[in-house]
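Working notes for the structure below.
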Amino acid sequence: MGFERIDDLLNGVTADGSLHGVAATVVGRDGVLYEGVAGEAKRDSMFRNASMTKAVATTAALQLVEQGRIDLDATVASIVPEFGELQVLDHIDGREPVLRAPTTQATVRQLMTHTAGCGYHFLNHKLFAYCNEQNFPNPLQGIKESLSAPLVHDPGTVWEYGVSTDWLGMVVEAVSGQTLAEYLTEHVYRPLGMKDSTFDPTDEQRARLLPIRFRAPDGSLAATDLDLPAQPEWDAAGHGSYGTIADYGRFVRAWLNGGELDGVRILKEETVDLALQDHLDGAPLPKEMEPTIPELTKPVQLLDVPQGWGLGFHLYLIDLPGMRSAGSADWSGLFNSFFWIDRKAGIGAVIATQLLPFFDDKMVETILGFEAAVYAELGSAVS
């Protein structure tokens with residue numbers, strides 16, 4: 001397969017200054033179909049995976065589910081008692097928060113589906129006000145206390161993006177007796193040959209990090225001090241890993257292959273099948289995510305098509321014409337990185353830059369062009 005139109009796309013958006021650097025890979029079940037970089041990005045560039053960490057951390061928890069060491073419907077508090085101390089932020093009366101006990105206790109499954117009631121300060125206005133009024137830390141500061149912010153909903157009622165996966169990482173640590181970094185290195189990174197994936201980059205790896213740029217109001221790219229903390233207090237399952245595009249492509253290939261890569265199995269096929277089904281159980285997805293901190297993310301609007309949430313992944317429940325198939329899994333990272341896994345077509349892809357705010361118009365346009373080019377090339381190869 002040629003994929004020349006992807007080269008043209010990546011080279012075009014960097015040559016005209018729209019993006020400072022971008023990398024992409026397309027993978028099939030049997031190998032890498034395409035790998036390309038443009039601008040400042042190199043083939044060995046390191047990226048802040050941000051929320052693309054979530055799918056990998058969820059894979060760790062699913063391994064422990066397979067082994068009978070975690071029950072999906074066990075309460076989180078039965079494994080990590082501190083979670084049971086969280087109250088729901090009902091509302092704010094003037095400047096005083098009104099807290100109450102949750103109506104039910106969240107389960108491990110609800111952590112995986114973002115229906116446990118946890119929020120993010122930069123996406124939830126009520127929680128943002130609470131953090132400001134109480135001078136409460138947020139997760140992007142690397143302070144572990146930030147995870148103990150109140151819930152913003154009763155568990156099981158709605159989908160709310162937040163620190164649920166960070167708590168899932170603590171479930172993995174409690175059950176395995178290892179730090180999340182140790183567990184992933186032993187059971188995911190090393191088995192899959194993800195040689196650069198880490199929560200604690202070396203000086204050499206940091207030297208390979210693509211720098212973050214900020215989209216100024218006039219559309220230009222500017223340097224920024226916004227970054228993840230170098231020494232966070234915990235291995236953040238929600239956002240804390242780093243790696244290369246090639247590494248993440250190997251993770252995607254393992255999921256494409258039903259949990260196996262190059263003769264190494266990290267999950268059973270039935271676990272992969274289970275994870276890539278909708279588990280929302282009636283909890284609604286939002287139509288839009290409206291940020292409280294515009295420097296971090298633009299408003300995110302979801303396509304008006306049937307969607308769901310599996311165990312660790314967003315799901316499209318119908319075919320997108322000229323693009324991915326029904327049942328495809330995907331997600332993204334704060335610094336404008338994106339991936340998808342289309343098991344029906346046997347194709348997966350990763351595309352990334354390092355740019356704020358999230359959901360940058362030019363990057364979204366690039367992603368759509370990238371995906372359309374991938375499936376156009378597949379169609380021409382089939383025909």
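The values are calculated or read from the model by the stated rules, or taken from the named source; none is laboratory data. The structure presented is a predicted model; accordingly, all values stated were derived computationally and were not measured. Cβ atoms come from the backbone with ideal geometry, glycine included; neighbour counts cover every protein chain shown.
For the reader, a short list of remarks on this structure follows.
- Scanning region 63-86 for residues that are surrounded by fewer than 19 Cβ atoms within 10 Å (Cβ to Cβ), under 20 Å from residue 283 (Cβ atoms) and of a type outside the set (D, E, K, R) turns up 72, 74, 75, 77.
- Considering region 4-35, and only residues there that are in contact with an Asp or Glu (Cβ under 7 Å, 6 or more places away or on another chain) and crowded, with 21+ Cβ neighbours inside 10 Å, the residue that is farthest from residue 324 (Cα to Cα) turns out to be 21.
- The set of residues from region 150-185 being closer than 20 Å to residue 56 by Cβ and of a type in the set (S, T, N, Q) comprises 164, 165, 176, 178, 179, 185.
- Region 253-288, subset closer than 16 Å to residue 313 by Cβ and small (Gly, Ala, Ser), residue surrounded by the most Cβ atoms within 10 Å (Cβ to Cβ): 254
- Residue in region 223-238 that is within 29 Å of residue 376 (Cβ to Cβ), part of a strand (DSSP E or B) and among the hydrophobic types (A, V, I, L, M, F, W, C) present: no
- Condition met for residue 163 (closer than 30 Å to residue 225 by Cα, touching a Leu at 6+ places or on another chain (Cβ under 7 Å), at pLDDT 95 or above and surrounded by 15 or more Cβ atoms within 10 Å (Cβ to Cβ)): yes
- For beta carbons closer than 8 Å, sequence separation of 6+ or different chains, a first residue in region 98-112 that is farther than 14 Å from residue 164 by Cβ and a second that is among the polar types (S, T, N, Q), the qualifying pairs are 99/87; 100/87; 101/87.
- Residue count for region 171-181, restricted to those that are out of contact with any helix residue (DSSP H, G or I) (no Cβ under 8 Å at 6 or more places or on another chain) and either closer than 21 Å to residue 265 by Cβ or among the acidic types (Asp, Glu) (or both): 0
- The conditions of being hydrophobic (A, V, I, L, M, F, W, C) and either assigned to a loop (DSSP other than H, G, I, E, B) or buried (at least 24 other Cβ atoms within 10 Å of the Cβ) (or both) are not met by residue 128.
- Picking from residues in region 251-266 that are touching a residue at least 60 places away in the same chain (Cβ under 8 Å) and among the charged types (D, E, K, R), the one that is nearest to residue 54 (Cα to Cα) is 253.
- Test: residue in region 308-325 that is among the charged types (D, E, K, R), over 17 Å from residue 361 (Cβ atoms) and at pLDDT below 95: no
- Taken together, the residues in region 309-329 that are of a type outside the set (Ser, Thr, Tyr) and surrounded by fewer than 19 Cβ atoms within 10 Å (Cβ to Cβ) amount to 8.
- The residues of region 326-346 that are of a type in the set (S, T, N, Q) and touching a Leu at 6+ places or on another chain (Cβ under 6 Å) amount to a single one, 336.
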